[in-house]
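What follows is calculated from the coordinates using simple rules that are stated; it is not laboratory data. Just so it is clear, the structure is predicted and the values come from calculations on it, not from any experiment. Every residue, glycine among them, receives a Cβ derived from its backbone with ideal geometry; neighbour counts consider all protein chains shown.
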Amino acid sequence: GAVVSQHPSWVICKSGTSVKIECRSLDFQATTMFWYRQFPKQSLMLMATSNEGSKATYEQGVEKDKFLINHASLTLSTLTVTSAHPEDSSFYICSAREVVFTYEQYFGPGTRLTVT
Amino acid sequence: TQLLEQSPQFLSIQEGENLTVYCNSSSVFSSLQWYRQEPGEGPVLLVTVVTGGEVKKLKRLTFQFGDARKDSSLHITAAQPGDTGLYLCAVYGGSQGNLIFGKGTKLSVKP
């Protein structure tokens with residue numbers, strides 16, 4: 001149980017275009033999902049917290065107009081990177097919090113974004 | 001300042017050797033988690049330690065939580081190439097109740 005999926009697993013886009021990444025909790029409901037970013041040879045850094053039915057909370061230094069988050073249902077959160085630039089190339093990992101039994105965060109497999 | 005300090009940052013050893021990696025902090029935690037992450041994949045939970053002084057074993061991996069619940073160690077016995085990966089410690093300590101990660105130890109086990 002407690003499986004989180006992400007789609008796509010990798011994406012290449014041109015500079016200036018937008019890319020949407022989906023995060024789904026497959027077998028549990030998640031009122032809260034987290035989006036992390038991981039640059040090469042670095043650890044995971046929290047970008048934003050997505051709450052179902054309300055606005056996302058962004059960490060300091062993360063542009064909310066550039067990284068649009070929508071958490072429209074209890075099993076789906078999306079991250080849209082708008083007007084992507086090469087410096088946005090990174091590994092994006094979502095995590096969903098299970099709040100009924102464990103209150104643990106479960107991680108998706110990540111999405112590799114490359115902006116050319 | 002980093003909440004969790006992991007050491008060493010990099011470790012390259014031969015198959016069969018033993019190793020220990022560390023996760024230290026000046027803060028006290030109610031629990032601490034260890035993850036392993038392989039390239040291009042999300043982190044996978046290995047263990048959660050909760051009690052000060054606790055020792056947990058997962059096959060050849062031994063995890064210890066410090067008595068004061070400020071630090072933890074991961075010991076691998078007879079390392080194998082399949083142990084290669086990034087080992088991350090993490091605690092629930094963010095403003096959103098989220099996991100915060102250390103910078104990780106990148107382990108390479110050569111056959």
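In table form, for the structure just shown:
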{"item": "Ellipsoid semi-axes in whole angstrom, largest first, where each is sqrt(5λ) of the Cα gyration tensor of the range B:61-111", "result": "25, 15, 7"}
{"item": "Calculated diffusion of the range B:1-54, Stokes-Einstein form, Kirkwood radius summed over Cα pairs, 20 °C and 1.002 mPa s, µm²/s", "result": "159 µm²/s"}
{"item": "Euclidean distance of C-alpha centroids, the range B:94-111 and the range B:34-63, integer Å", "result": "11 Å"}
{"item": "Label-point separation, residue B:38 to residue B:60 (7 Å along Cα→Cβ), nm", "result": "1.5 nm"}
{"item": "Simple label model, 7 Å out from Cα along Cβ direction - residue A:5 to residue A:114, nm", "result": "2.5 nm"}
{"item": "Taking the convex hull of Cα positions in the protein assembly as shown, its mean projected area over all directions (nm²)", "result": "12.5 nm²"}
{"item": "Mean Cα-pair separation over length for chain B, i.e. relative contact order, pairs under 8 Å, 6 or more apart, %", "result": "35 percent"}
{"item": "Pair residue B:68, residue A:27: separation of 7 Å Cα→Cβ label points (nm)", "result": "4.1 nm"}
{"item": "Lone cysteines, the protein assembly as shown (no partner Cβ under 4.7 Å)", "result": "A:13"}
{"item": "Residue-count net charge about residue B:71 - beta-carbon cut-off 13 Å; Lys, Arg +1, Asp, Glu -1", "result": "-1"}
{"item": "Projected area averaged over orientations for the range B:1-98, convex hull of C-alpha atoms, nm²", "result": "6.6 nm²"}
{"item": "Note, ³J(HN,Hα) from phi for the range B:96-108, Karplus 6.51, -1.76, 1.60, rounded to Hz, x at Gly and Pro", "result": "9, x, 8, 6, 10, 9, x, 6, x, 10, 8, 9, 10"}
{"item": "Distance-filtered residues of the range B:68-106 - backbone nitrogen under 13 Å, label point 7 angstrom along residue B:24 Cα→Cβ", "result": "B:70-73"}
{"item": "17 Å Cα cut-off, lysine pairs counted over the protein assembly as shown (separation 8 or more, or different chains)", "result": "9"}
{"item": "Computed over the range A:51-116, Cα set: Rg, Dmax in Å", "result": "13.3, 43"}
